[in-house]
Every structure is written in structure tokens, then in C-alpha cells.
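Structure, as C-alpha cells:
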């Protein structure tokens, strides 16, 4: 059944980033107070980078925080397209204060070569995650669940028992590695961060019933295991 999605609309992106940073800071503080640690799954992208830069300046118990990514391009850390490199750059203070970041890229020419190694690292993270932050592309993908992508079915099903799956998008660009849908849903809350009118129209389509394979973000929106809040600004 569809998730009862909570829409949090903001008039402009700076207001969205500020409000979301405050929200995530609260999640971290509450998790540390309740369980002694917090584990977050982060997303790549321009707006998340702005968000992380704000979080990085906040007084938080970073030494009790573990971080990973929802997905990653199969590129090295010195590649400008690396999500991990962006997180290391924008959360440099947090990492210096003891936050732990588990990257998804492993050695190997292809994602398939590194799945076992990445799975082993992801398995060291406490679950359920306290928070999963996801984005959405104009094609309706989230994480690396790309419509028409090679490996999409595996990424959605998680069959095989690994926490991660390799995906080759049906668009130009590098291959990807992604947390599987069952792993992303092993969380206390999911935040979907979206900006722009075009993505809002895609979101409206995705909120309506239809094939997950066409708009894979439906795999997160249409489930009743984890509450989803949608954070949007023009």
C-alpha cells in the first residue's frame, strides 16, 4: 500500500536546506541520546552538498555518528563524480571530529568485482539506520535504481543476500553501486529531498500508482514499512 507521505514544501532552497539541517541534527541528537550512536545514509548531489556544509558547522556528537551513501558511481575518490569525495569535502569538520564514513567504492574494474568487499563494510553499520536521505532524478530514479538499468531488478529485490548491487544505467556515464531496496528500507525514517518544478511534476506522477520499473522512486514511496517525508523547494 502507498506510504502516507509527509510533504514539507519550502519557498526557496536556502530555507529548505536550513530546515532540513535542523531536522537531521535533531535526529542525530535523539539517536545518540537514546542508543549512544547514530547511523545515517546520505545522498549525492548539489543540494545535499549544501546541506552537508551546513551540518558540518553544527555542534553535534560527531564521534558517535556513522555515515554511508545510498549509492555511488564506480569511480575512484579523485574523480569529480565521486559522491564519497563530495561527502569528505563538505563534512570535513565532522570527519575530523570522529564521524565514521563507510564508502561504497571498492577495488575492481567493475562494480561486480567489489560487491562482496563493499557488503562487508556496510554490514558493520548498525541497523536499522536512523535516517536515509535520498534524492530523485528527472527520470524518476532514486539511489541507483535507474529505469531500464541493467541490474535494476537485483537492486530492488536484494535477492542474493548482499547489501549492495551493481547497476549500469541506461544513460551515458559510469556504472553504479547502490544499497538495495531492502537495506534502504531497514531504517527508522526516509527523507526524499527534491528541488525544482520539473522534479515536482515527476514526483506527482510517482505518487500515483504505476509500474516501479518506469519510475523506480515508487519503490520507496509505495511501501508501508518506513515513514517517508518529502522535502521540496522550487
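Derivation of every value follows stated rules applied to the coordinates shown; laboratory data play no part. Bear in mind the structure is a predicted one, so any value in this text is a computation, not a measurement. Every residue, glycine among them, receives a Cβ derived from its backbone with ideal geometry; neighbour counts consider all protein chains shown.
Quick one: 119, 141, fewest Cβ neighbours within 10 Å first, how do they rank? Don't jump to the answer; show the numbers that get you there.
Details: 119 19, 141 25.
Lowest to highest Cβ neighbour count: 119, 141.
Which order do 105, 199 fall in if you start with the one that has the fewest other Cβ atoms within 10 Å?
199, 105
Add -39500 (n - 2.57) for each DSSP H run of 4 or more in the chain, then divide by its residues: what number comes out at 222 nm, to the nearest 500 deg cm²/dmol?
-10500 deg cm²/dmol
Going by how many other beta carbons lie within 10 Å of each one, how would you line up 203, 77, fewest first?
Details: 203 20, 77 10.
The fewest-first ordering by Cβ neighbours comes to 77, 203.
In the Gaussian network model of the chain, springs joining C-alpha atoms below 10 Å, which of 123, 21, 92 carries the largest mean-square fluctuation?
123
When DSSP assigns beta bridges and you keep just the ones with both residues in segment 6-233, what percent turn out antiparallel, to the nearest 5? Before the final figure, lay out each step's value.
Details: 9 of 33 bridges.
The answer is about 25 percent antiparallel.
Quick one: if you stick a label point 7 Å off each Cα along the C-beta vector at residue 88 and residue 171, how many nm between them?
The two pseudo-label positions are separated by 2.6 nm.
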